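The values are calculated or read from the model by the stated rules, or taken from the named source; none is laboratory data. Computed from a predicted model, the values in this text were never measured in an experiment. Note that we place each Cβ from the backbone using ideal geometry, even for glycine, and neighbour counts take in every protein chain shown.
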Amino acid sequence: MTNGAMKKQSLVERLQYIDRRIIFAFIAVAVIVPLLIGAQLKEKTTPIVQAMFDNVEGLPEGSRVLLSYDYGPTTAPEIQPMVDAMVRHCAERKCKMYMMAVWATGHNLTGETIEGVLRPDFPDLEYGVDFINLGYKAGNQGLIRLILVDFKTMYSTDANNIAIDDFPMMENITSLRNFDLIVSFGGGFPGIKEWIQFAGDPGNIPIGGGCTAVGAPNLYPYYPSQLVGLLGGAKGAAEYENALIIAYPKYEDYPMAGMSLMVSQTVAHIVIIFFIVFGNVLYFILRARGMTKEGLGGVR
Amino acid sequence: MKHKLRFAAVLLFLPLIFSPLLAQEGEEMQDGLLAEMQIEPPPQAVITVAEDMPNDGGHKLTVRWEFPKEFTSSVVRFEVYRAYSPDGEFVLRGESPNDFYEYLDIGDREEESPNYMPNDSSYYYKIVAVGTEGVSSESEVGGPYKTYGQWFHTGKVPLLIAVILFCIFTIYFVLSAKGGKELYIRPLAGIEAVDEAIGRATEMGKPILYVLGIGTAAEIATIASFTILGRVAKKVAEYQTSLIVPCYEPIVMSVAQDIVRSAYLEAGRPDQYDEDSVFFVTNAQFAYVAGVNGIMVRDLPATNFYLGYFAAESLLLAETGNAIGAIQIAGTDQVSQLPFFVVACDYTLIGEELYAASAYLGRDPLLLGSLKAEDWAKGILMVLMVLIILAVLLGWDAPREWIRVNL
Amino acid sequence: MTRRQLATYIFFGVVVILFAISVALKGFFVTFGAFLTLAIFSFLYDDNPYYKFAEHLFVGVSAAYWMCMGFWGTMVPNLFGRLYPPMVGPVIPALKDNPSDPFMLIPLILGIMLLMRLSSKAGWISRWALAFVVGTTAGLNLVRYLRSDFIQQISSTAMPLYVTNSAGFSLGETISNIVIFIGVMCGLIYFFFSKEHKGAFGAGARAGVIVLMITFGASFGYTVMARISLLVGRMQYLLDSWLGMIG
């Protein structure tokens, strides 16, 4: 074997066992550059997201929508854009919004929506009349089961400890059956699945969901008979925002969190796909030369 | 008399004489009066029935009425009023669109609710057809109509059948297994590889690493993993290889210690059991991963088992194991973690296979019986689906509706 | 002092000064959030004390947060507030006039029984409360799972294999329904343990494995998407909220 061949061979081998930190650096650049450019990427709305949108769009004025914040700050970058888009949509439809949380960490995130979307963009909406923050209660699926039959047993006050009967929008709310739509955001446990099992199916209440991308594949089987629609990850959020822009063109130039997330997301995906293909090509080259080792991974 | 007549005639004609003037002064008022005179109220609706809603606690009534279709355009909506007696106070319950002659009156079961609708009570209804210009017509009072609570929800019959069948299967198979009946379970690739993997470790003179996951001792996946650990420990004792079991939970650790000790005893080598082979690492998820990965890199085990409940640490563990060149056998019921194990391990027990493996190795009647019951449930499910699909293909849609749980 | 040590000290000095400027400009919490994010990211290079500090802080804070939320959101209003409402009057005035509910003594007793686990002698008492929790949950779940994940799923899977709509024959929906049906059947065959995978049954099981692997592939892809989203979210925080470099 010549020296040149030795050199070439070692290069392929070195590339096959590339330091993972180099890949991290590529991903970092792929994420940061689009963010600095500040572009937005429109996503064509898929039927499952469109179904969710159409369901909200079809709600008459004054309909009651329960929004359950079943997530925490760790997954907020994925979930918050879809919550914001849906709350904006509900506000446009003049629905009454009831915010609650089955996750303790969801409690504070309701404030993000109220201060970030409702107060600045819908100043006419009044707390206790058009929207309310019911806060977090422990009990997981047990809580859902209980409020299906008796809402006020668990929710005697709102999140700020004000008696629930002091709010006009809480009149005639006795159980989950009084809601026209329940939307759970999260996808973990307890989450959309528990809302289907303990409220949607037994109470015959329409359930919608917005979940992390990790949780999406496990929830697709419930659509369309048990879930009216599902928003999966940042892409789901961007698709919902696209549907919102089509229906309400005033949001055309509005900064949408999901859409701006999708630019970095797409570039990072391209980088990952490149490395997958690159790694496989190198693997096959090495295999053709009979140089692969059993049990050795590509990245160290 | 003549004067009186003349006076009356003048009075009668006065408005006519001054009409142009009046028209100029109050044109709008007159127009309104004239319009009101021309608009007729829509015809009355006729209440036909108010039926009790089936399969509920007796707090709902469906009111139906008739209305001449040709007058639909003259009506904006129907308002539904309800009272406890024919001459009592009628309260507005809701509205129905002008072309829909039905309203589901839903009450609450709580006495303190303003919307309370007691069970087993009589109600009277009145329908008001609201016309286009605000004129409306009331129907005759209909009633009395009664609400009834049902003891049995007929819509849940499929569910009841499923629960009964599943319970019968489980009890029957558990009893059969206890009675010593041989229940067949097919061999699983992952389990067959266990012996081979232990043999490989023995040949190489390297230890075997067994990770029980981060679940509690009550987790089904952890319980299944305990059974497999017993089998692995026995083989290890027979082959005189060393075993490392780092634990995440103190209770899991004490159970695992008992299992490994008994396995060595069973293999006839109690003296070779090392107390320190099963030990507690930490209760913090990623710190545990760091600890186990450290053990892997230092001790270079030939075989790694990851069986039990796993979360985000699955890939971190399996990737390190892969990098040191160990044979890896994994299994978990956490669907979201399975892809990571599948890509990084040699054998993966997917979901229920973990329980099956545990039943296969342990031959515990409870596990075997439950597994068999599940198989039967799956068998029925497959047959049902094929039959329903065939029925649907033949244009008969009813079976699909039969199995639907109507709530 | 070696050159390497000197360089390290200079580096730390610069970092401290930069963070001090950031605190002055952006406030303590935004800066601290950015510091913690960078501390966690530093693990990508190698394990280090900053990462450990951030990780332990996160574990401790989240445990305490859940505990506080559980106490103030559930124990106080739903247990003490119903057992003896005047007790919570000073914290939640809205509840002080509510009637007392003696039935709440049952969850209180069960709760105390659970805490007995902490005692080595009376630990067995906790098993009774645990048995109650496990039994109730199993009972509730049996019915719910059979309904939502078994019976309802049969009717969702048993879709027409030849779909026609207003426009005539729908090829897309037909293929979709066939794929769902075959996928479910093959998956079930794979998880059928009472029969060996041989012949036609074995072929079904092999198809089941393929379906499972495709599902895992999709799941893997979704996981990558989720993780990148979280990374983008953190980057947005660093670049926008902290450094103000976006828009």
Residue pairs qualifying under the 7 Å Cβ cut-off, at least six apart or on distinct chains, with the first in the stretch B:50-66 being not assigned by TED's automatic domain parsing to the domain that holds B:Tyr103 and the second being modelled with pLDDT under 85 and of a type outside the set (Ser, Thr, Tyr), are none
B:Gly325 being in contact with an Asp or Glu (Cβ under 8 Å, 6 or more places away or on another chain) and either within 14 Å of chain A (Cβ to nearest Cβ) or modelled with pLDDT of 90 or more (or both): yes
Going through (1) modelled with pLDDT of 85 or more; (2) surrounded by 16 or more Cβ atoms within 10 Å (Cβ to Cβ); (3) hydroxyl-bearing (Ser, Thr, Tyr) one by one, C:Thr136 fails only at (2)
Note on the stretch C:151-201: residues among the hydrophobic types (A, V, I, L, M, F, W, C), more than 7 Å from chain B (Cβ to nearest Cβ) and not in a helix (DSSP H, G or I) are C:Met159, C:Val163, C:Ala167, C:Phe169
Residue that is at the interface with chain C (Cβ under 8 Å from one of its Cβ atoms), among the small types (Gly, Ala, Ser) and in contact with a Leu (Cβ under 9 Å, 6 or more places away or on another chain), where the choices are B:Gly351, B:Gly369, B:Gly362, B:Gly331: B:Gly351
Taking the stretch C:212-247 and keeping only residues that are within 7 Å of chain A (Cβ to nearest Cβ), farther than 30 Å from B:Phe340 by Cα and not aliphatic (A, V, I, L, M), one is left with C:Gly247
Can you spot a residue in the stretch B:329-347 that is among the hydroxyl-bearing types (Ser, Thr, Tyr) and not in a helix (DSSP H, G or I)? yes
Scope the stretch C:193-218; condition of a type in the set (Ser, Thr, Tyr) and under 26 Å from A:Gln40 (Cα atoms); matching residues: none
Which residues, taken from the stretch A:146-173, are away from chain C (no Cβ under 14 Å) and either surrounded by fewer than 18 Cβ atoms within 10 Å (Cβ to Cβ) or out of contact with any Lys or Arg (no Cβ under 7 Å at 6 or more places or on another chain) (or both)? A:Pro168, A:Glu171, A:Asn172, A:Ile173
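For (1) at pLDDT 90 or above; (2) β-branched (Val, Ile, Thr), each residue gets a yes or a no:
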residue	(1), (2)
A:Ile207	yes, yes
A:Tyr222	yes, no
A:Ile246	yes, yes
A:Phe284	no, no
I need a count of the residues in the stretch B:94-141 that are surrounded by fewer than 16 Cβ atoms within 10 Å (Cβ to Cβ) and under 26 Å from B:Pro68 (Cα atoms). 13
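Per-residue answers, yes or no, for (1) in the same structural domain as A:Val183 (by TED's automatic domain parsing); (2) touching a residue at least 24 places away in the same chain (Cβ under 8 Å); (3) acidic (Asp, Glu); (4) more than 30 Å from C:Ser155 (Cα to Cα):
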site	(1), (2), (3), (4)
A:Tyr223	yes, yes, no, no
A:Leu227	yes, yes, no, no
A:Leu230	yes, yes, no, no
A:Gly236	yes, yes, no, no
A:Glu239	yes, yes, yes, no
A:Leu244	yes, yes, no, yes
A:Lys250	yes, no, no, yes
A:Ile270	no, yes, no, yes
A:Ile273	no, no, no, yes
For the stretch B:348-358, which residues satisfy the criterion of being surrounded by fewer than 24 Cβ atoms within 10 Å (Cβ to Cβ) and in a helix (DSSP H, G or I)? B:Glu352, B:Glu353, B:Tyr355
Pick from the stretch A:80-119, criterion touching a Leu at 6+ places or on another chain (Cβ under 8 Å) and outside any helix (DSSP H, G or I), ranking: nearest to the other protein chains (Cβ to nearest Cβ): A:Ala101
Take the residues in the stretch A:245-285 that are more than 22 Å from A:Ala25 (Cβ to Cβ) and β-branched (Val, Ile, Thr); name whichever of them is farthest from the other protein chains (Cβ to nearest Cβ). A:Ile246
